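Peer 1: Pasting a structure here, questions to come.
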Amino acid sequence: MAAIITFVCVFWFAVVPLQHELAFGLVFSVLFQELFRFFIYKLLRKAETGLQKVAENTERITDNKHILAYVAGLGFGIISGAFSLVNVLADAVGPGTMGLKAGSQYFFITSAATSLCFILLHTFWGVIFFSAADTKNYVQLAVVVGGHMLVSSMTLFNRSQVYAASLVPLYIVTALTGVMAFRVAGGSRASLKAACSWR
Amino acid sequence: MPANVSYPDNEVANSVMKESSSQQENGVADTVAREAPADHPVPPEWHEEEEELKYGAKHVIKLFVPVSLCMLVVVATISSVNFYTTKDVYLVYTPFHEDSPDTSTKVWNAVANSLILMAVIVVMTVLLIVLYKNRCYKIIHGWLILSSLMMLFIFSYLYLEEVLRAYNVPLDYITLALLMWNFGVVGMVCIHWYGPLRLQQAYLIFVAALMALVFIKYLPEWTTWVVLAVISVWDLVAVLTPKGPLRILVETAQERNEQIFPALIYSSTYMYSYVSIVNGEDNEQASSSNQSPQSQPTNRSQESEGDPESGFSREWVSTHAERVEQRQRDIREASGGRIPNYNATAQTNVSAQPEFRELEEEERGVKLGLGDFIFYSVLVGKASSYGDWNTTLACFVAILIGLCLTLLLLAIFKKALPALPISITFGLIFYFATRQIVKPFADSLSSEQAFI
């Protein structure tokens, strides 16, 4: 989680001086994020043995090698979601009515929904990315990076306030990525049924 | 020798160390063999190091919660109660009020203010050490008691008044008097005497938050940041240099086998000897529990005054001692349980070894000084007072990272470490970076609702 904020600051630092066009900054941000995801992957794999020593339940980490990936992805997601949403939330408390004078009345709900998608997506991407980097599966890597670029670009549609144009594809992508991450982490329809059954 | 170590940690550690040194072949007396019972072979050193790290990691988590809570209280107050962000009067120690619009004037104003404050802090610290060395415990205890009285009654009352005013809630004086009286008295009892652990922790966190709010309100803008930086440097100097006042203080306390002002440290376990010594050593228990109440009432002779400004000058005095104690805490935290040259006492009976091990695991709590809480909260509170939550969040994470690193270093180096420099440095870097660079970009992103 520590490195996540670092990466956020660093990439913004690098990107911001260049941008006057938001899309340009956005593309670079996505690339930097994926780059830092890769760095974190390298770091965590190297530190894994050390972390196992200091972890309380060492069995749990060794059991499932996706736990580290999940945690990293979740960290990314939380920070990303927090940074996107918290200022909007703070403004939402204050006086005013959205959409009364200008703007769309669905601003806040779209904000919230999109943030949720991104948090989930980052978590899924974390799992897929780490597993793909472990097994050198370049297709999955491309899916992660490409998917990130795709959804970020889709959110650019929000500028025109036609929120459905970005939300609907976003949720579809989230669901698909979720299924993919589930598969990568070793789940299957059978295991899902087994987990859901009353035992 | 009945010289009973009043640190529970030290005592148990002494006994464990004795146990381990009697059985270790490699003769490394200063690493504590936590898992070697008396009849098992010597654990290799890496195993001990791993234990050290595990200890460090576990206690990092234990400290995250109180530090976050304190910051939460401060941030919540700052964002909801306007009183703490309006600038009317300033501390008497900061005569330069940064009124001019010229940047360079502001800068030298801030630097001058913080140098004055630093001078006051240094003088107070030295005074405290002189008092301590000359065993003027009554004065010190009275000082501390008076300062916590002030915090718990006057500042809490002012805080409550401002919160009620901000939320437009009426409250009659009778209820108020009852509330404040109970709150204050229970607080005094919990902090200076015995009380439920959680309650004591809650009171300490609240007192630290109040103090942080005072600093945020009564220091001019740029002065706050410069003070934070200067105090981190002072912390570093005072704790690590051989002639540093705090180091002298801690070493003196260790020589005398005493507990240092337990009223001003946050501890995650009971600091009272009577709880930890359950291994049947009654004489130690009796004398340690005698000792702890004795070290509690510290004297800080200040009378309260109606004028907040002169009251704050005394508050400064009290916080100096707090901060001093805070660093002693850091040192204690580092040293509690790990001082190899300290097990001069022969009082421990090594027969209760399994108990020692258990005790050790339970009561090797982590301690952090209240001054650390205060300055972390000042940083985060000040960051949040500008209204941007991204900055606040970034500073919060930075401080937690710094705390993590500090505790890790503590677990590795096992000596006195200041808790302020790393966290405050990270906090300041992240604050300025986020504010200047991240904020505009994040704002434009969120106004377009583009997500990255």
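The values are calculated or read from the model by the stated rules, or taken from the named source; none is laboratory data. Since the structure is predicted, the reported quantities are computational estimates derived from the model, not experimental observations. No Cβ is skipped: glycine too gets one built from the backbone with ideal geometry, and neighbour counts run over all protein chains shown. All accessible areas refer to the heavy atoms of the entire protein, side chains included, with ligands and DNA or RNA removed. Shrake-Rupley method; radii C 1.70, N 1.55, O 1.52, S 1.80 Å.
Peer 1: With respect to the cross-link table entries B:LYS62/B:LYS382; A:LYS65/B:LYS58; B:LYS58/B:LYS439, which display a Cα-Cα separation exceeding 27 Å? Could the numbers behind the result be given before it?
Peer 2: On the way: B:LYS62/B:LYS382 25 Å; A:LYS65/B:LYS58 22 Å; B:LYS58/B:LYS439 34 Å.
In this structure, B:LYS58/B:LYS439 lie more than 27 Å apart at Cα.
Peer 1: Something else now. Of the listed peptides A:148-158, A:114-124, A:130-140, what is their order by residue-averaged count of other C-beta atoms within 10 Å, with the highest listed first?
Peer 2: Highest mean packing first, the order is A:114-124, A:148-158, A:130-140.
Peer 1: When the Karplus curve 6.51 cos²θ - 1.76 cosθ + 1.60 is applied with θ = phi - 60°, which whole-Hz ³J(HN,Hα) does each residue of region A:30-44 get, with x for Gly and Pro?
Peer 2: Karplus values, whole Hz, x for Gly and Pro: 4, 4, 4, 4, 5, 4, 5, 4, 5, 4, 5, 4, 4, 4, 5.
Peer 1: Ordered by residue, what ³J(HN,Hα) values in Hz, to whole numbers, does region B:74-83 give under the Karplus form 6.51 cos²θ - 1.76 cosθ + 1.60, where θ = phi - 60° and Gly and Pro are x?
Peer 2: With coefficients 6.51, -1.76 and 1.60, one gets 5, 5, 4, 5, 4, 7, 10, 9, 5, 3 Hz.
Peer 1: Of the accessible area of region A:133-197, with the probe set at 1.4 angstrom, what percent is carbon plus sulfur?
Peer 2: That share works out to 72 percent.
Peer 1: Let me know the mean shielding of B:395-401 by other chains, meaning the per-residue number of their Cβ atoms within 10 Å of its Cβ.
Peer 2: Per-residue shielding by partner chains comes out at 3.
Peer 1: Keeping every protein chain present and rolling a 1.4 Å probe, give me the accessible area per residue for region A:22-196 in Å².
Peer 2: That works out to 52 Å² for each residue.
Peer 1: Compute the relative contact order of region A:22-196 as a whole-number percentage, counting only Cα pairs closer than 8 Å that sit 6 or more residues apart in sequence.
Peer 2: Over region A:22-196, the number comes to 26 percent.
Peer 1: Still on this structure, please answer the following. Mind giving me the nanometre distance, one decimal, between the label points for B:ASN182 and A:SER188, set 7 Å out from Cα along Cα→Cβ?
Peer 2: 6.2 nm
Peer 1: Might you work out the accessible area of A:THR174 for me, using a 1.4 Å probe with all protein chains in place, and round it to the nearest 10 Å²?
Peer 2: 10 Å²
Peer 1: Shielding of B:436-447 by partners, i.e. mean partner chain Cβ atoms within 10 Å per residue?
Peer 2: Values: counts 2, 8, 8, 3, 3, 11, 7, 1, 5, 9, 8, 6.
That average works out to 6.
Peer 1: Further question on the same structure: Report the accessible area of B:ASP99, computed with a 1.4 Å probe over the heavy atoms of all protein chains in place, in Å² rounded to the nearest 10.
Peer 2: My reading of the accessible area for B:ASP99 is about 130 Å².
Peer 1: A follow-up question, please. Measure up B:LYS243/B:LYS367; B:LYS87/B:LYS133; B:LYS138/B:LYS243 against 30 Å on the Cα-Cα distance and list the ones that go over.
Peer 2: B:LYS87/B:LYS133
Peer 1: In addition: Quick check: pseudo-label points 7 Å beyond the Cα along Cα→Cβ at B:VAL163 and A:LYS46, how many nm apart are they?
Peer 2: 4.7 nm
Peer 1: Scaled to the compact-protein estimate 2.2 N^0.38 Å, what is the alpha-carbon radius of gyration of region A:145-199, rounded to two decimal places?
Peer 2: 1.55
Peer 1: Taking each residue of A:85-91 in turn, how many C-beta atoms of other protein chains fall within 10 Å of its C-beta, and what is the average?
Peer 2: Average neighbour count from other chains, rounded to a whole number: 5.
Peer 1: Related question: With a 1.4 Å probe and all protein chains in place, put A:GLU48, B:GLU161 in order of accessible area, largest first. Let's see the in-between values first.
Peer 2: On the way: A:GLU48 35, B:GLU161 60 Å².
Ranked list, largest accessible area first: B:GLU161, A:GLU48.
Peer 1: With a 1.4 Å probe, what is the total accessible area buried between chains B and A, in Å² rounded to the nearest 100? It would help to have the intermediate numbers written out before the result.
Peer 2: On the way: alone 19000 and 12090 Å², together 28160 Å².
Approximately 2900 Å² gets buried when B meets A.
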